[in-house]
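The values are calculated or read from the model by the stated rules, or taken from the named source; none is laboratory data. Here the structure is a predicted model, which means the values were calculated and not measured. Every residue, glycine as well, gets a Cβ built from its backbone with ideal geometry; the counts of neighbours run over all protein chains shown.
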Amino acid sequence: MPRKFNFGAGPATMPEPVLKEVQEELLDWNGLGLSVMEISHRSAEFIEIAQQAETDFRDLLSVPDDYAVLFTHGGATMQNAMVPLNLASPEGIVDYVNSGHWAKRSIKEAERYTNVHIAATSEEEDFKYFPAQDSWKLSEESSYVHYTPNETIGGLCLKSIDNSKIPVIADYSSGILSEPIDVSKFSLIYGGAQKNIGPSGLGFVIVKKDLLGKAQPITPNLLNYTLIHEGESMSNTPPTFAWYVAGKVFKWLKSLGGVEAISIINNRKAKKLYSYIDSSNFYSNTIKAENRSIMNVPFLLGNDELNDKFLDESKEAGLLALKGHRSVGGMRASIYNGLPEEGVDALIEFMDIFVKKYN
Ligand SMILES: Cc1ncc(COP(=O)(O)O)c(C=O)c1O
């Protein structure tokens with residue numbers, strides 16, 4: 001059966017060449033006579049996979065040498081606790097930008113470990129725009145400011161960031177590797193792997209080394225950035241299979257020309273879809289133009305009663321997982337790196353047929 005186009009927000013579509021390679025190697029990795037998921041994480045073979053993945057990830061993002069790269073458990077949500085546990089104190093204060101669902105989740109968890117000040121929010125306008133950096137009201141003694149550059153559910157993003165006088169922390173779960181970023185503008189970048197990196201179960205952290213060594217005493221060892229760094233992300237058994245697949249995704253991305261090259265494709269994919277939506281008087285997307293995400297494109301149908309029909313018929317047409325998050329309604333097309341441009345073309349074609357049929 002041919003593969004269908006998967007617009008799911010995560011776990012998301014994987015590049016097909018990576019899946020094929022994994023399939024070929026699944027029973028016998030590298031002539032060892034066993035699967036890669038059966039070998040010890042302490043073996044020389046796995047350590048080579050792990051180190052190569054880190055090297056490629058660093059290359060793709062041009063991560064400076066004074067940053068550590070960690071591979072972690074617990075996806076992005078674990079980082080919501082790890083960030084304040086490692087970088088803030090119960091008496092101190094931190095700043096958070098409230099841009100939607102995922103920012104709110106980060107805020108709620110951080111409040112358990114420190115004092116959170118909301119530096120900016122767009123909640124009063126239903127998160128239709130991303131608070132501009134120059135509107136952030138940072139606290140005097142803040143340990144850091146946290147924001148979510150790409151809100152996966154709302155479909156809004158902040159394209160870039162200027163230098164900040166306090167450390168900037170970013171939940172880059174759904175934006176990482178989609179466009180070039182200047183890592184040196186951040187003190188810490190984290191995310192879950194299951195959008196542009198690989199299978200779920202793996203997380204990544206890129207942290208400036210001078211922020212290490214500040215964990216609160218209650219921080220569990222397994223969640224302590226310094227110990228994870230010292231243990232080369234192997235304080236205990238890591239998610240080895242996900243790490244191995246991530247390594248293959250990094251190689252795949254490099255073979256396409258890296259983040260600069262995929263960013264051209266991603267911007268083209270997103271532009272096509274937004275242009276079609278904007279040209280239609282049936283479909284709509286209400287996010288402020290400059291804050292529209294190129295990874296997650298939510299859109300509403302002119303008539304909500306047609307939502308189920310849209311989902312049934314798109315599924316029949318081989319276009320999967322287009323249902324929007326319940327908090328936003330309508331549809332959402334997640335068009336991550338692994339979703340081929342033909343998938344976007346097929347979606348637009350389907351949307352056009354649908355509107356002519358029912359509107
Ligand atoms: C921006 C963002 N942050 C956090 C999360 C939570 O990720 P995880 O399920 O890996 O904890 C998600 C999941 O979609 C996300 O999109």
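Data overview
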{"item": "Residue in the range 4-19 that is charged (D, E, K, R), assigned by TED's automatic domain parsing to the domain that holds GLY201 and either out of contact with any Gly (no Cβ under 9 Å at 6 or more places or on another chain) or not in a helix (DSSP H, G or I) (or both) present", "result": "no"}
{"item": "Every pair of residues 6+ apart whose Cβ atoms lie under 7 Å, when the first sits in the range 341-359 and is closer than 11 Å to LEU319 by Cβ while the second is hydroxyl-bearing (Ser, Thr, Tyr) and modelled with pLDDT of 95 or more", "result": "ILE348/TYR276; PHE350/SER314; MET351/TYR276; MET351/TYR283"}
{"item": "Subset of the range 273-288 (residues that are assigned to a helix (DSSP H, G or I) and either charged (D, E, K, R) or not assigned by TED's automatic domain parsing to the domain that holds LEU322 (or both))", "result": "ASP278"}
{"item": "Residue identified as in contact (Cβ under 8 Å) with a residue 40 or more places away in the chain and either surrounded by 13 or more Cβ atoms within 10 Å (Cβ to Cβ) or closer than 15 Å to GLY338 by Cα (or both) among PHE250, PHE299", "result": "PHE250"}
{"item": "Inter-residue pairs, beta-carbon under 6 Å, first under 14 Å from TYR190 (Cα atoms) and in the range 148-173, second within 16 Å of the ligand (Cβ to nearest atom) and of a type in the set (D, E, K, R), 6+ apart", "result": "THR148/ASP171"}
{"item": "Complete set of residues in the range 216-240 that are away from the ligand (no atom under 16 Å from the Cβ) and either touching a Gly at 6+ places or on another chain (Cβ under 7 Å) or closer than 29 Å to ASN337 by Cα (or both)", "result": "TYR225, THR226, ILE228, HIS229, GLU232, SER233, MET234, THR237, THR240"}
{"item": "Tally, over the range 170-215, of residues that are among the polar types (S, T, N, Q) and under 15 Å from ASN337 (Cβ atoms)", "result": "5"}
{"item": "Residue check, ALA103 closer than 20 Å to ILE161 by Cβ, under 23 Å from the mean Cα position of the chain (by Cα) and within 13 Å of the ligand (Cβ to nearest atom)", "result": "yes"}
{"item": "Unique residue being away from the ligand (no atom under 16 Å from the Cβ), assigned by TED's automatic domain parsing to the domain that holds ASP210 and under 23 Å from the mean Cα position of the chain (by Cα) when the list is THR114, THR121", "result": "THR121"}
{"item": "SER187 in contact with a Lys or Arg (Cβ under 6 Å, 6 or more places away or on another chain) and surrounded by 15 or more Cβ atoms within 10 Å (Cβ to Cβ)", "result": "yes"}
